[in-house]
Amino acid sequence: MIDIRLVRDDAARVQAALGRRGIDAAEVEGLAELDRQVRAAARRRDDLRAEVKALSRQVAEARRAGDDARAAELTGASRAVGEQQAAADREAEVVAEELRSRLLVLPNLPAPDAPDGLGPEDNVVVRTWPEVPPTYGDAQRVPHWEVGAALGILDMERGAKLSGSMFPLYRGMGARLLRALTAFALDHHADAFEEVRPPTLVRTETMQSTGHLPKFVDEAYHLERDDLWAIPTAEVPLTSMLRGDLLEEASLPVRLTAATACFRREAGSAGRDTRGLLRVHEFDKVELFAYSTEAQAPALLGDMVQRAESLLAELGLHYRVLDLCTGDLGLSAARTFDLEVYAPGVDQWLEVSSVSWCTDYQARRASIRYRPTDGGGPVLVHTLNGSALAWARIWAALVETGRRSDGSVVLPEALAPYLGGTTVITPPA
């Protein structure tokens, strides 16, 4: 969440920044008023608490002096003020919770260099690789769900039989391809990122730390009996790994990577891109994550984008990098670059990575700070996250791009070491 002190000290700046994201100035004004109410309620509570303490001292003095009537009178007054204090406590808690609830759904302030815009149509294409678009033959214009069914490597019908629609089932070389992609990515990140395998089910406060709750409750899978949530991305547990910790500046940046299953309801996607692997409820993904200082963050953001790009280039996929406009940024992000691959069989650009700098927005929720080397009070860390990469759509793009006229699929040579040297998937005899 954003720092309420920014609203208190420079509401105009916050209004201007959030206005770039389409947030009305009245929302900031409402926060400022709630903040005033919280501080007024806290002052009243503290004044009454001090009055109760003063009366308690007077009661003790009266009793020591043997003035029982005075002691009884002061005790009654203390009890009455105590009841006022309890009411003030409740009032302060109610107003403070209302302020926190409002802050939890308020988006992060966009970075000054994030492009302005209202939605996806205003995102800026930074670069495309290769610069000259490849040409595709008729064999590559077949959608991956047809390719996968013909080769016996993707079975959407049995996935739906097991779990419902939009839950894919991979078979044979289809399943092995997923495993190969995961190992391929983790090996590429091992030079700088510590591999972690976090839990797939997490607590409510873990989901809140990233901003996924309460804003996106309808998109998440909740196990009510245990009050646990299936993670939509490894960003969620990785953000909370150091929740409540105080780090040393010398230990930063902390770089982590994780391969996990991810679960999303895709609640608003009914009837839209629901065939094959374009939009699924469960998918595998390798995530990059970092805790850093503010000064370290820009270089880390660039490194994460470059890592995702290098994987796509090694896989030989036609891709582009988008600089997301303010109207298309996620709740927690101040700056985001999306990577999209072109899938010829469906003739679409498919998002396969989103790399974001969240400034101290998530760290404030999770209370993750560091002690500066040159002294001074603790400072909130900055968090960054990015997919490198999400595999369902990569899988789709690979089998469409690699399809040949005889129905076989040729996979990138970069995956050969992870596929036992095999790079061709042939139709069943």
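For the stretch 1-39, name all the residues that are farther than 20 Å from L331 by Cα and either among the acidic types (D, E) or loosely packed, with under 14 Cβ neighbours inside 10 Å (or both).
Of everything in the stretch 1-39, those that are farther than 20 Å from L331 by Cα and either among the acidic types (D, E) or loosely packed, with under 14 Cβ neighbours inside 10 Å (or both) turn out to be D9, D10, A12, E33, D35, R36.
Taking the stretch 381-415 as the search range and keeping residues that are among the charged types (D, E, K, R) and assigned to a helix (DSSP H, G or I), which one is farthest from V280 (Cα to Cα)?
Checking each candidate, the answer is E413.
Within 15 Å of the chain's Cα centre (by Cα) and either under 30 Å from A363 (Cβ atoms) or not aliphatic (A, V, I, L, M) (or both) - does that describe any residue in the stretch 222-230?
Among the residues of the stretch 222-230, at least one is within 15 Å of the chain's Cα centre (by Cα) and either under 30 Å from A363 (Cβ atoms) or not aliphatic (A, V, I, L, M) (or both), which makes the answer yes.
Quick one: in the stretch 113-137, of everything that is assigned to a helix (DSSP H, G or I) and in contact (Cβ under 8 Å) with a residue 40 or more places away in the chain, which residue is farthest from the chain's Cα centre (by Cα)?
If we take residues in the stretch 113-137 being assigned to a helix (DSSP H, G or I) and in contact (Cβ under 8 Å) with a residue 40 or more places away in the chain, then D122 is farthest from the chain's Cα centre (by Cα).
Quick one: in the stretch 253-309, of everything that is polar (S, T, N, Q) and without any contact (Cβ under 8 Å) to a residue 40 or more places away in the chain, which residue is nearest to L177 (Cα to Cα)?
Going through the qualifying residues, I end up with Q306.
Coordinate-derived values only; no laboratory data. Small disclaimer: the values here were computed from a predicted structure and weren't measured. Reconstructed Cβ throughout: ideal geometry from the backbone, glycine too, with neighbour counts over all protein chains shown.
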